[in-house]
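Here's the structure we're looking at; comments come further down.
The values are calculated or read from the model by the stated rules, or taken from the named source; none is laboratory data. All figures in this text were calculated on a predicted structure; none of them were measured in a lab. Virtual Cβ from ideal backbone geometry, glycine too; neighbours counted across all protein chains shown.
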């Protein structure tokens, strides 16, 4: 099938009434999540995982995917009007978007953010339609040794690129591997680390873990800050369309943001936040008037908002073609795939083409929905910010408790959720990244399975991992990443002056 056949198939599945309903539900919730500071798409997807048990795999992934890219739209609204980034990737939009609002140009700022988001998101989906089939075909050459090496590389990348201390990232990855090893051994059938609890025989479910790490911990953190008052900046939105000069100034940033955002979104650890930051820095460097950035430059809104939406779409490619989540949102979404018995990866296009192309088709439609519905509802989204958080957290807590219990009707899952909620709160207080833990928890059992199969194939000969060119290349990149901090540290000691100057330039 060529590109147009794939596109028609995607749109045919996407316009089915049930899929349209769940696509609309996803982008609506995603926009709401983007507007409300503190919750975020990760926590929301984690909270809604139990609901997807009653849906088909296609409907559930369509809804959860819509939450992620919908949140990128919603985050710009409060960044521009209230100087409060609803979503982390919209943090950089505050710099120029809010300054435009103070100058009476809130409408054009919101308009160009929505237009750029639509263009960036659509570009990302088109590129995914082009690139996913050949990437999946290439990945079909992977056997157990190559898959094991790829998962080792994925764990290393998400740990290497996590913000903060690399030591803390490796500690969290090790904890995730330990939690992932709880249950029945795949090779020997013996019980491991179950503490005599029958409920742990099948391992620790991903749902209560992520609901605790991202849901309960966010409640605890937000309750700490609930006494902080937010100042609302009132401004009239007369028109949402930028003028001719503003469109001209935004064309280049939107084009560059689409490309930069998409390719940074593919990279493990990249994602929407990094894409928006890189886009802003690039536009400021390329601008003929860089001094205007931070004072209300429309290019400082158009570029980052385009980039974060393109990145949100690009991040689906490694997950659905290689089975490797490139950020924590994709790691949680991978848990949703596994809950429905679907293994994302190179065989997804062959075994579940309706799921893959249904999600792609819903993204085209969802981007259009966001453009049509987002701007008219700006007043509604801002009004929601006036609701005190102390009224919202009981509802969120109830959803967490019901959701974790309903999976297996087990009180043990509730205890696990509470335990990881406390752990997640402490991790955020002491700057321990949660992404390596979640990714290791998901990839750990898969890594163990492929490692065991590889050793059985080679009669316990470890050379099988270097005899394959693909596996050897992946392991070489892994080793290079692990030793690169030592190399950079040695280089910095030898030539400190040069590196300091380079850092200043960046």
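Can you report the number of residues in region 174-197 which are within 21 Å of residue 339 (Cβ to Cβ) and surrounded by fewer than 16 Cβ atoms within 10 Å (Cβ to Cβ)?
2
Residue selection: residue 467 satisfies the criterion of being modelled with pLDDT of 85 or more and farther than 24 Å from residue 174 by Cα.
When residues in region 250-265 are screened for being touching a helix residue (DSSP H, G or I) at 6+ places or on another chain (Cβ under 8 Å) and either modelled with pLDDT under 85 or surrounded by fewer than 21 Cβ atoms within 10 Å (Cβ to Cβ) (or both), 6 of them pass. Can you confirm whether residue 178 is out of contact with any helix residue (DSSP H, G or I) (no Cβ under 7 Å at 6 or more places or on another chain) and under 30 Å from residue 417 (Cβ atoms)? The answer is yes for residue 178.
When every residue of region 290-302 is checked against the conditions, at least one turns out to be closer than 17 Å to residue 123 by Cβ and buried (at least 18 other Cβ atoms within 10 Å of the Cβ). For region 294-344, the set of residues classified as modelled with pLDDT under 85 and within 19 Å of residue 111 (Cα to Cα) consists of 294, 295, 296, listed by residue number. Evaluate the following for residue 67: is it under 12 Å from the mean Cα position of the chain (by Cα), farther than 19 Å from residue 352 by Cβ and without any contact (Cβ under 8 Å) to a residue 60 or more places away in the chain? Criteria met by residue 67.
For region 166-184, filtering for residues that are without any contact (Cβ under 8 Å) to a residue 60 or more places away in the chain and either in a helix (DSSP H, G or I) or out of contact with any strand residue (DSSP E or B) (no Cβ under 8 Å at 6 or more places or on another chain) (or both) leaves 2. Would you mind stating whether residue 5 is part of a helix (DSSP H, G or I), modelled with pLDDT under 80 and over 19 Å from the mean Cα position of the chain (by Cα)? Criteria met by residue 5. Only one entry of 66, 34 meets the criterion of being surrounded by 24 or more Cβ atoms within 10 Å (Cβ to Cβ) and modelled with pLDDT of 85 or more, and that entry is 66.
Please pick out the residue among 143, 120, 107 that is at pLDDT 85 or above and at negative phi.
Every option except 120 fails the conditions.
Residue count for region 267-277, restricted to those that are modelled with pLDDT of 80 or more and surrounded by fewer than 24 Cβ atoms within 10 Å (Cβ to Cβ): 0. Given the condition at pLDDT 75 or above and assigned to a helix (DSSP H, G or I), answer yes or no: does some residue in region 234-241 qualify? No, region 234-241 has no match at all. Out of 367, 374, report the one residue that is touching a helix residue (DSSP H, G or I) at 6+ places or on another chain (Cβ under 9 Å), in a helix (DSSP H, G or I) and modelled with pLDDT of 85 or more. Testing whether each residue is touching a helix residue (DSSP H, G or I) at 6+ places or on another chain (Cβ under 9 Å), in a helix (DSSP H, G or I) and modelled with pLDDT of 85 or more leaves just 367. The single condition from (1) buried (at least 21 other Cβ atoms within 10 Å of the Cβ); (2) within 16 Å of residue 307 (Cα to Cα); (3) modelled with pLDDT of 80 or more that residue 89 fails is (3).
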